[in-house]
């Protein structure tokens, strides 16, 4: 997985080979140590073969051009967002998961059980475990999935739960209010009528539910259809799962930064929009202010798409400090995104085959 340059980064001037090697050494060392990097440390890098004096001169030039900054009175430098962007776009070699990590990913998707929501939630934990960053998994929208069954279950005399099972393995659970004291027999009749009417249609294009002739049944059916339509059109309809948010505490010096990032992660719509915006701009990495979310100005976001049958079906992402290990993070997001895509596609195929077998025997 490679990161396409941002619109702004296309205007970043090219660096000569020596400056690029020095910048790469500084970024790599700072990612590992979180400490400003001095010229003597750069000189020890095997990719840099010039004197410390020359390195110091080039570091001053890189600072002047906005790639480095000198914090406080330290003799060392640290990368700026511009420096990280040049590193990601021009210097970072594609990362690869180690043998143990590859086995961990493979075993996870071979062994993980449960419905789609369970798989997505556990995938977020897997991705965080692989990288030690906070992980985000956005599941596929259920809008285009076919309806396999509809059931209305009574909770109280005036409240019920609509349970819709979808062809992609997803399940929608929607509470509804009942105006009258409705018995189980009426709810069962409404379930049968809804099942007969909506089977095979999608949440995005619900079939018309004809009048049954029973006023109480028709009232329930209208309420159910209205609830399903509202749920699909809700801005936070897509499922979002966050793994390892506690890992953020060790990634930033200021507790205010951690609190701000955690607040963002709690806002489902913002998280979905963030990952979608990054991918729509052709990026796999957004650094600092590039993603446009002020509370995340000290963060980097790494994103990989989830695709099923060639169509967008969600995303996986990593959120960490701008000094994150980009090659490793990109490799982990790419591997998990691809495996999750294959898992969802396989599950959908199995569901369709089961449905077909059931139809054949019906």
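Throughout, read-outs are computed from the coordinates displayed, never taken from laboratory work. Because the structure is predicted, anything quoted here is derived from the model rather than measured. Cβ atoms come from the backbone with ideal geometry, glycine included; neighbour counts cover every protein chain shown.
Expected output is a single nm value to one decimal: the length gained when fully extending between residue 249 and residue 184, i.e. 0.36 nm times separation in residues minus the C-alpha distance. What is it?
Extra length from residue 249 to residue 184 when fully extended: 18.4 nm.
Using 0.36 nm per residue of separation minus the Cα-Cα distance, give me the extension gain between residue 110 and residue 17 in nm, one decimal.
Using 0.36 nm per residue and subtracting the Cα-Cα distance, I get 29.0 nm.
Report, to one decimal in Å, the Kirkwood hydrodynamic radius for segment 9-91 based on all distinct Cα pairs.
12.4
Sort the following peptides by mean Cβ neighbour count (other Cβ atoms within 10 Å, averaged over residues), highest first: 44-54, 116-126, 81-91, 252-262.
Per-residue Cβ counts within 10 Å, averaged per peptide and sorted highest first, yield 81-91, 116-126, 252-262, 44-54.
Just to be sure I follow: if Rg is taken over the C-alpha atoms of the chain and Rh is the Kirkwood radius over the same atoms, what is Rg/Rh?
That ratio is 1.11, to two decimals.
Using 7 Å Cα-to-Cβ label points, what is the residue 259/residue 215 separation (nm, one decimal)?
Placing both labels 7 Å beyond Cα along the Cβ direction yields 5.7 nm.
As a footprinting exposure proxy, order 58, 143 by other Cβ within 10 Å, with the fewest listed first.
Sorted ascending by nearby Cβ count, the order is 143, 58.
In whole Å, what is the distance between the alpha-carbon centres of segment 24-102 and segment 159-230?
So the two Cα centres are separated by 60 Å.
If you build a Gaussian network model of the chain, linking Cα atoms that sit under 10 Å apart, which residue out of 29, 100, 307 swings the most?
100
Using every pair of alpha-carbon atoms in segment 56-145, split the distances into 10 Å bins beginning at 0 and state the percent of pairs per bin, rounded to integers.
All Cα pairs considered, the percentages come to 13, 27, 22, 21, 13, 4, 0.
How would you order 320-329, 206-215 from highest to lowest mean count of nearby Cβ atoms within 10 Å?
320-329, 206-215
Going by a ≥ b ≥ c, the root eigenvalues of the Cα gyration tensor, does segment 147-233 fall in the rounded group (a/c under 1.5), the prolate group (a/b larger than b/c) or the oblate group?
prolate
With each label point set 7 Å from Cα along the Cα-Cβ vector, what nm distance links residue 52 and residue 155?
With each label point 7 Å from Cα toward Cβ, the separation is 7.0 nm.
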